[in-house]
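To keep things clear, I will list the structure first and then write my remarks on it.
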Amino acid sequence: MDSLKSSTKIPIKNIYYMLCYAWNRLEEKEDVYVSRSDEKDIYHLLSRILVNRLRVLIKRGFYKEYSNMEEETSTIRGRINFPQSLNELSFKKARMYCQFDEMTHNILHNQIIKTTLYNLLKTPQTDKKLKEDIQQLYHYFRDIDLLKLSSKIFNEVKIHRSNSYYGFLIDICRFLHESLLMNEDARGDKFINFEQDPKAMAYLYEDFVRNFYRKELPESRVYRENIYWNAEGEDLGYLPIMQTDISIEMYDRKVIMDTKYYQNATSSRFNNDKLISGNLYQLHAYLSNFINKDKKELTGILLYPTVDKDLDLYYKILGSKVKVCTVDLNQEWRKIHERLLSIVA
């Protein structure tokens, strides 16, 4: 995976579909209709989807969990906290501090959603109509606490069968939170231009392609793989780790793919286009050090987004098959789907 410094304009619809693959939310890709001119940016599209999903959630009812509570009460319930009760002299008021479990919707899942709505309301970029819709929903969260969002907080959210309908909502909230954090002035009150952010798009591009093949090649194993240097000597631990972006194992073939989100797949010198040597060296290192125990046909692929021209190059380098390909992310999604499948066919 590498970064494209400046990209052509990718349709919001295609960025949304890429996110659905990256998040393993393919059912949402099918359920949400997105036209090419549906929203002015990916943030407004996802915020609109969040609002629509929350309307359904509110009718359905918030997810609840048991939460540990403690309060001073005249009615004994749960377990008495004797040290706290004695320190506060609660017995003089005929009361005791009790600890007990109570079913509540004031839990992490709903706190994240409320805080996201709050941040959208205070973000100047959020358009007026969307803010009005968010404000209508916001009062339903009046008994839910705000919190300080962080990556750690999102990692603590537990999604399971009983609350699976929260999964996509939390994914959207995480994306919006991380996008607010990545703006240039770091104030957290405006969104980055996502499709023009090379680092963000490079990660999305890699995750999208990997999960695309996981979904669309169900008979194959698709994963990231550590390849160890075919080396001898002392202190081999100093050798850098080689980890593939994407490894695809089929019945009789194996593909090692590196995604490169670059502005161009080639560099130009003296009016001659040449492939970027460092990318080829990296892929060749993977292929030459891979131990092919199963004797499968091995192919290495460099995959770039199309910028100014499409590439479909094939070589055999020191016995290894190498392909250099591009996929045009600015075309209709059906063609993107067909192109990615043809690359590994």
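Where a number appears in this text, it was derived from the coordinates with a stated rule and is not lab data. Source: prediction; values computed, not measured. Glycine also receives a Cβ, built like all others from the backbone with ideal geometry; neighbour counts cover every protein chain displayed.
Structure values in brief
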read-out: Rg/Rh (Cα only; Kirkwood hydrodynamic radius) as it applies to the stretch 219-343; value: 1.00
read-out: The chain - Rg (one decimal) and Dmax (whole number), Cα, Å; value: 25.8, 91
read-out: Segments 208-219, 167-178, 284-295 sorted - mean Cβ within 10 Å per residue, highest first; value: 167-178, 208-219, 284-295
read-out: Burial order of peptide ranges 316-322, 258-264 (average beta-carbon count within 10 Å, highest first); value: 258-264, 316-322
read-out: Semi-axis lengths, Å, the stretch 274-339, gyration tensor of Cα atoms, sqrt of 5 times eigenvalues; value: 26, 15, 9
read-out: Proxy reagent accessibility, fewest Cβ within 10 Å first, across 109, 160; value: 160, 109
read-out: Exposure proxy ranking, count of Cβ atoms within 10 Å, fewest first, for 249, 234; value: 234, 249
read-out: Computed over the stretch 26-141, Cα set: Rg, Dmax in Å; value: 21.4, 69
read-out: Set of lysines with alpha-carbon distance to residue 59 below 26 Å, sequence-local pairs under 8 removed; value: 29, 114, 122, 128, 129, 131, 158
read-out: Neighbour-count order for 55, 95, 60, fewest beta carbons within 10 angstrom listed first; value: 60, 55, 95
read-out: Qualifying chymotrypsin sites (Phe, Trp or Tyr not before Pro) in the stretch 23-119, DSSP loop, other Cβ atoms within 10 Å at most 12; value: 33
read-out: The chain: relative contact order in percent, alpha carbon pairs under 8 Å with at least 6 residues between; value: 18
